[in-house]
1. Would you mind telling me which numbered condition in (1) at pLDDT 95 or above; (2) in a helix (DSSP H, G or I); (3) crowded, with 20+ Cβ neighbours inside 10 Å residue 227 fails?
2. So, in region 260-274, of the ones that are modelled with pLDDT under 75 and crowded, with 20+ Cβ neighbours inside 10 Å, which residue ends up nearest to the ligand (Cβ to nearest atom)?
3. Looking at region 13-54, which of the residues that are in a helix (DSSP H, G or I) and within 22 Å of residue 160 (Cβ to Cβ) is modelled with the lowest pLDDT?
4. Look at residue 114 and say whether it is away from the ligand (no atom under 15 Å from the Cβ) and either in contact with a strand residue (DSSP E or B) (Cβ under 6 Å, 6 or more places away or on another chain) or within 19 Å of residue 33 (Cα to Cα) (or both).
5. Which of the residues that make up region 161-203 are over 24 Å from the mean Cα position of the chain (by Cα), within 16 Å of the ligand (Cβ to nearest atom) and touching a residue at least 12 places away in the same chain (Cβ under 8 Å)?
6. Being farther than 22 Å from residue 73 by Cα, away from the ligand (no atom under 16 Å from the Cβ) and buried (at least 22 other Cβ atoms within 10 Å of the Cβ) is true for just one of 410, 418. Which residue is that?
7. Of the numbered conditions (1) surrounded by 15 or more Cβ atoms within 10 Å (Cβ to Cβ); (2) modelled with pLDDT of 95 or more; (3) more than 14 Å from the ligand (Cβ to nearest atom), residue 86 satisfies every one except a single condition; which is it?
8. Go over the candidates 313, 282, 304 one by one and state the one that is away from the ligand (no atom under 16 Å from the Cβ), without any contact (Cβ under 8 Å) to a residue 40 or more places away in the chain, within 20 Å of residue 199 (Cβ to Cβ) and out of contact with any helix residue (DSSP H, G or I) (no Cβ under 6 Å at 6 or more places or on another chain).
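The values are calculated or read from the model by the stated rules, or taken from the named source; none is laboratory data. No experiment lies behind these values; they were computed from the predicted model shown. Note that we place each Cβ from the backbone using ideal geometry, even for glycine, and neighbour counts take in every protein chain shown.
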Ligand SMILES: Cc1cc2nc3c(=O)[nH]c(=O)nc-3n(C[C@H](O)[C@H](O)[C@H](O)COP(=O)(O)OP(=O)(O)OC[C@H]3O[C@@H](n4cnc5c(N)ncnc54)[C@H](O)[C@@H]3O)c2cc1C
């Protein structure tokens, strides 16, 4: 196909890099998946440069460092990264133990970033703010695939432009939380109470204890983050019984939040639902299901939330603190000059949407996928990791490790390895298809 007539890029043009071959591959984001991409590039003898907006590795995970992961170490370490670490006397953690976010960084990601084959190529305090093709805007097609990428990076408050032959965007979604408002819009009233809303998982049992102990706390959301926050608040209530915990979810049946419980292949993930159900059944946590938040009103020191529930307007008054866990969304703002193909509902990589759409299933596992599925209309540009799932909630690190292994194989011309994608993920034990949900093993 001649270049003038092709809008999508084929495999051949994706490898046609002879005139820019000396440039490094740029990686955006120093989380587990960005760093795994770096490890795979190193193991194939490819040069890279990695930009991380935080002052140290895994800036997003550091924000939930107190939270214990539900997947054990054996699923959390990338194979290429493990091989590199083992060459440098690294002491591997026990495969079956569950690290906290902080331990994941200290025992695995920090040692990885300190390796002599990685460290010199990592830029911290370096936020990518725009990407384009050298000399071309989004509209121009001719010659696109063989021009370098230009990345505009704010590094230590200075704007620097880097060139790269390929880009792997592993910038995650955690830094762009969704609003609590059920329409997904940032409203003035929600922004005006920002001192009383925590977006994420506060360290309720540690440094944020005073903020929540003895207070009326509203938790919004039905994912694992909300579940973690609720369980910690319940522990606080054991010592400060006046603590009131109100939980609102959009789902109509709270049982759909509990997950696979005993059927979950990851016992820690399953136990979140079991422990939560007990707290709801005993009245420690009050739940309002089918609740759609319309607005927030500040009332002196307190907040009132208004919402719709089964055609009725409900007011929840006297709230001291809100914890919002309604998920997060990818930041596409710096990709305006790059040709992307994202799903219109999930904002995920388009081809992944049918595999991960929470409207359709919640198996927690996903069909193996690699370079072919992740290929974008922009040659040699890939969105990977949590960002590849967009707003869908079930991403696991192991999925991201296989994504970048396949992409790096393709970039280095090993198409056989790129296409041979193998992924075994632990199932949640819940199979939901449309309106039918069963607790069983599924999605096989
Ligand atoms: C509370 C919680 C618990 C989880 N538990 C598990 C678990 O048990 N098992 C599991 O497999 N998965 C788990 N996940 C899901 C997922 O694996 C993690 O979110 C993981 O961190 C995703 O890795 P990532 O590298 O794709 O993105 P991130 O870890 O989010 O990393 C993205 C990085 O990019 C940086 N960045 C962002 N924008 C820019 C920019 N413009 N320029 C430069 N840098 C930028 C950020 O600072 C960040 O360091 C959990 C997620 C959460 C939130």
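1. Unmet condition: (1).
2. This residue is 266.
3. Once the filter is applied, the top-ranked residue is 20.
4. Judged against the criteria, residue 114 is a match.
5. 162, 164
6. When all the criteria are applied, what remains is 410.
7. Residue 86 satisfies all of (1) surrounded by 15 or more Cβ atoms within 10 Å (Cβ to Cβ); (2) modelled with pLDDT of 95 or more; (3) more than 14 Å from the ligand (Cβ to nearest atom) except (1).
8. Details: 313 fails: within 20 Å of residue 199 (Cβ to Cβ); 282 fails: within 20 Å of residue 199 (Cβ to Cβ).
Exactly one residue qualifies, and that residue is 304.
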